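Here the structure comes first, spelled out in structure tokens, and everything after it is commentary.
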Amino acid sequence: MVVPKGKTFLLKSIEFSGPCVTRNIVVQISGTIVGPLTLKEWGWPNFINKWIVFKNVDGLTVQGRGIIDGRGNCWWENSCHNSKHRNRPGCSQSQPHSVNFVATSNSQLKDVTVTNSPMFHVTLLDLSNFNITNLKVDSPEESPNTDGLHTQSVENVSIRNSYFRSGDDCVSVGNSSFHVYINDCHCGPGHGISIGSLGELGNRAEVKEIHVQRVNFFGTMNGVRIKTWHGGQGECHSISFKHSNFTNVMNPLLIDQHYFAESANETSAVKISNITYENLHGTTNILTPSAINLGCSRLVSCTGLYFNNIFFTPARNSVKLKSTCINAKGKTWGRIEPPLSCLNH
């Protein structure tokens with residue numbers, strides 16, 4: 001299937017569903033695909049929350065130098081995530097996700113630009129063996145809840161040489177994500193690379209073998225973050241963040257086990273263990289002097305936190321940076337700045 005160069009096509013919600021006879025299916029996006037301009041055209045309020053869906057296809061390639069433009073401004077203006085409309089009756093709690101791969105294994109997405117998504121730009125759900133190369137996500141910093149890429153129930157996913165600019169997480173790694181590799185990417189503006197949130201509504205979570213290397217974070221709210229809800233169960237373990245640079249990042253290294261909650265009244269928590277931070281350096285802005293913030297559960301310690309050669313300086317020399325810890329246990333090697341004297345051994 002070809003979207004020809006120099007042409008623009010208006011597309012409403014659509015699903016391309018398998019299984020297919022052939023194992024080599026190519027969708028060539030050389031032109032431009034655009035979404036509807038108004039909520040009415042999207043079918044509001046009875047809209048479908050996924051715009052373009054590829055489902056139950058094995059051996060799919062979606063490629064090309066074209067553009068998928070969700071034209072999401074009408075959604076952002078009416079989103080409950082927009083601070084202007086948060087308490088307004090009738091605001092939208094959910095918006096369409098732009099490009100969705102569901103149970104689409106042994107497949108790849110490469111060289112495509114996804115922009116102005118109403119909500120998440122790309123989602124990977126219930127699949128394995130998926131490669132993303134040279135993806136470009138480009139939406140305004142103020143666009144609410146527009147994660148660049150979200151994974152859930154996936155195994156063996158590679159994200160390489162990609163560019164993320166959005167109003168939320170560059171990449172969010174959801175529950176039941178195993179062996180996800182994020183290498184040689186740009187992140188910013190946005191909210192950084194996040195694992196979670198995990199354990200919402202008391203659910204059991206398991207996330208393991210997530211490895212992030214050689215990422216440039218520029219002007220993001222967070223750098224690398226793990227976030228969980230009170231009352232969650234399960235484990236998040238065997239994670240590494242290595243060889244990355246941070247420029248004017250608000251919270252470069254963050255564990256937040258009190259996501260959207262006060263620290264009191266914990267009943268259970270997702271167990272966080274075996275997390276490696278190595279060769280991470282850069283600058284943090286003056287809004288949050290805690291360059292390293294390890295806010296672990298008071299009930300369940302974070303254990304096996306390893307820090308090797310971490311160096312952060314303030315974007316302005318008038319601020320002295322610090323590290324903060326709650327119930328965090330681990331070890332340090334090499335130079336650690338600001339010092340992690342709050343880390344328990």
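Computed values, structure above
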{"read-out": "Under-5 Å amide H pairs with T283, H placed in peptide plane, nonlocal only", "value": "F246, T247, N248, V249, T313"}
{"read-out": "Gap separating the Cα centres of region 246-262 and region 197-218, nearest whole Å", "value": "13"}
{"read-out": "Residue-normalised accessible area of the chain, given per residue in Å² at a 1.4 Å probe", "value": "43"}
{"read-out": "³J(HN,Hα) computed for each position of region 17-32 - Karplus, 6.51 cos²θ - 1.76 cosθ + 1.60, integer Hz, glycine/proline x", "value": "10, x, x, 10, 5, 7, 9, 10, 10, 10, 10, 9, 9, 9, x, 10"}
{"read-out": "By accessible area with a 1.4 Å probe, ligands and nucleic acids excluded, highest first: order of M119, M221", "value": "M221, M119"}
{"read-out": "Net charge dipole size for the chain [Lys, Arg +1 and Asp, Glu -1 on Cβ; Debye, nearest 20]", "value": "420"}
{"read-out": "Correct choice for Cα extents along the principal axes in Å that was computed from the model, options [x] 81, 56, 36; [y] 58, 46, 41; [z] 57, 56, 53", "value": "[y]"}
{"read-out": "For V99, net neighbour charge (Lys/Arg +1, Asp/Glu -1) across residues whose Cβ lies under 13 Å away", "value": "+1"}
{"read-out": "Contour excess over end-to-end distance, with Cα ends at A261 and F9 and 0.36 nm allotted per residue", "value": "86.3 nm"}
{"read-out": "Carbon and sulfur %, accessible surface of the chain computed with the full protein complex present, 1.4 Å", "value": "48"}
{"read-out": "Cα-centred dipole magnitude for region 255-335, charges only on beta-carbon of K, R (+1) and D, E (-1), debye, nearest 20", "value": "300"}
{"read-out": "In sequence order, calculated HN-Hα J values of region 329-345 (Karplus, 6.51, -1.76, 1.60; Hz; x Gly/Pro)", "value": "10, x, 9, 10, 9, x, 7, 10, 9, x, x, 9, 5, 7, 6, 7, 9"}
{"read-out": "Nearby lysines by direct alpha-carbon distance to K7 (threshold 26 angstrom, same-chain neighbours under 8 apart not counted)", "value": "K40, K50, K55, K110, K136"}
{"read-out": "Hz values of 3J(HN,Hα) by residue in region 4-16 - Karplus curve (6.51, -1.76, 1.60), Gly and Pro given as x", "value": "x, 4, x, 10, 10, 10, 7, 10, 8, 4, 8, 10, 9"}
{"read-out": "Cleavage-rule hits, GluC sites (Glu not before Pro), region 115-162, DSSP coil, Cβ neighbours within 10 Å at most 16", "value": "E141, E142"}
{"read-out": "Computed label-point distance, nm, for sites N216 and N156 using a 7 Å Cα→Cβ extension", "value": "3.2"}
{"read-out": "Free-standing Cys, the chain [no other Cys Cβ under 4.7 Å]", "value": "C20, C74, C185, C236"}
{"read-out": "Rough spin-label spacing in nm, given labels placed 7 Å along Cα→Cβ, for Y306 and H281", "value": "2.1"}
{"read-out": "Ranking by accessible area, most exposed first, for D58, D126 with a 1.4 Å probe", "value": "D126, D58"}
{"read-out": "Residue-count net charge about Y163 - beta-carbon cut-off 12 Å; Lys, Arg +1, Asp, Glu -1", "value": "0"}
{"read-out": "Under-5 Å amide H pairs with I195, H placed in peptide plane, nonlocal only", "value": "V173, R225, I226, K227"}
{"read-out": "Value of [θ]222 nm, deg cm²/dmol, for the chain, DSSP H segments ≥ 4, -39500 (n - 2.57) each, nearest 500", "value": "-500 deg cm²/dmol"}
{"read-out": "Test item: Cα-centred dipole of region 75-206, Lys/Arg +1 and Asp/Glu -1 on Cβ, debye", "value": "160"}
{"read-out": "Listed residues K322, K227 arranged by accessible area, highest first, probe 1.4 Å", "value": "K322, K227"}
{"read-out": "Distance (nanometres) between label positions extended 7 Å along Cα→Cβ at A315 and N46", "value": "4.7"}
{"read-out": "Reachable aspartates and glutamates from K320, criterion Cα separation under 12 angstrom, eight or more residues apart if same chain", "value": "E337"}
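The values are calculated or read from the model by the stated rules, or taken from the named source; none is laboratory data. Please read all numbers here as calculations on a predicted model, not as lab measurements. Here the Cβ is made from the backbone with ideal geometry for all residues, glycine too, and neighbour counts use every protein chain on show. When the accessible area is computed, the model is the full protein with side chains, heavy atoms only, and any ligands, DNA or RNA have been set aside. Shrake-Rupley method; radii C 1.70, N 1.55, O 1.52, S 1.80 Å.
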